[in-house]
Structures are given as C-alpha cells and as structure tokens.
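Quick one: structure below, then a few questions.
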Amino acid sequence: MKSENHLKKESEYFMICSPEGDHSPVLTKAEGKNEYCVTVSTNRQLVTIPNWHAKSINGRELLTKIPGNIGILIVSNNDGRYLSPKDLEKLREI
C-alpha cells in the first residue's frame, strides 16, 4: 500500500466541496457499500472537477469535519483507498 493512500493527520489534502456557501464536503455513495464518503487527494488536480470547489484541509481537520458515519476515499495517481467509518473511528482515537 502506498503512503499517499494512508490518511495522515499532518498532511494537506484537497477535498471535493460544494461550489457555493460554506463549501461543504460533497458526499458520494461508497461503491459496493451502504455508506457515503468524501473524496480527497494530496494532488489537487485529481479532485478538480468543473463547477466544484477543491478545498485545502489537513488530515486532522478532515477527521473532525466529517460525521462519524461517513468514510473517506483517498485517490492518488495510480489507485485509491477507501477508509470506512470504522477505520476512521480508530484514527480518531489515536
């Protein structure tokens, strides 16, 4: 597993957000799961989508901003890693 696919509290990420208002995170259905997630990357270009906003956020802020029942999809140039709400619960405890 590549290090860029691990959520690090001190790292900067770019998160897909609403283009208006408070730029709230965009939730998407996690593929093959009955859960929703936010999509982030350390590479802004990978989450730059026309008509949407890519917000800069560090891993610690990300863990506090998203609700406990939401996962995170971390995308990189070659692949992605899904962190379930249970995975994130463990990270929040550290």
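Looking at (1) in contact with a Leu (Cβ under 8 Å, 6 or more places away or on another chain); (2) basic (Lys, Arg); (3) assigned to a loop (DSSP other than H, G, I, E, B), can you tell me which one Arg92 breaks?
Answer for Arg92: the failing condition is (3).
Taking Val40 and the conditions (1) touching a helix residue (DSSP H, G or I) at 6+ places or on another chain (Cβ under 8 Å); (2) in contact (Cβ under 8 Å) with a residue 40 or more places away in the chain, which numbered condition does it fall short on, given that it satisfies the others?
So the condition that Val40 fails would be (2).
Out of Ser18, Ser24, Ser76, report the one residue that is surrounded by fewer than 19 Cβ atoms within 10 Å (Cβ to Cβ), farther than 15 Å from Leu91 by Cα and in contact with a Cys (Cβ under 7 Å, 6 or more places away or on another chain).
After applying the criteria, what remains is Ser24.
Each reported figure results from applying straightforward, stated rules to the coordinates on display, with no laboratory input. All values derive from a computational prediction rather than experimental measurement. Heads up, the Cβs are rebuilt from the backbone with ideal geometry, glycines too, and the neighbour counts pull from every protein chain shown.
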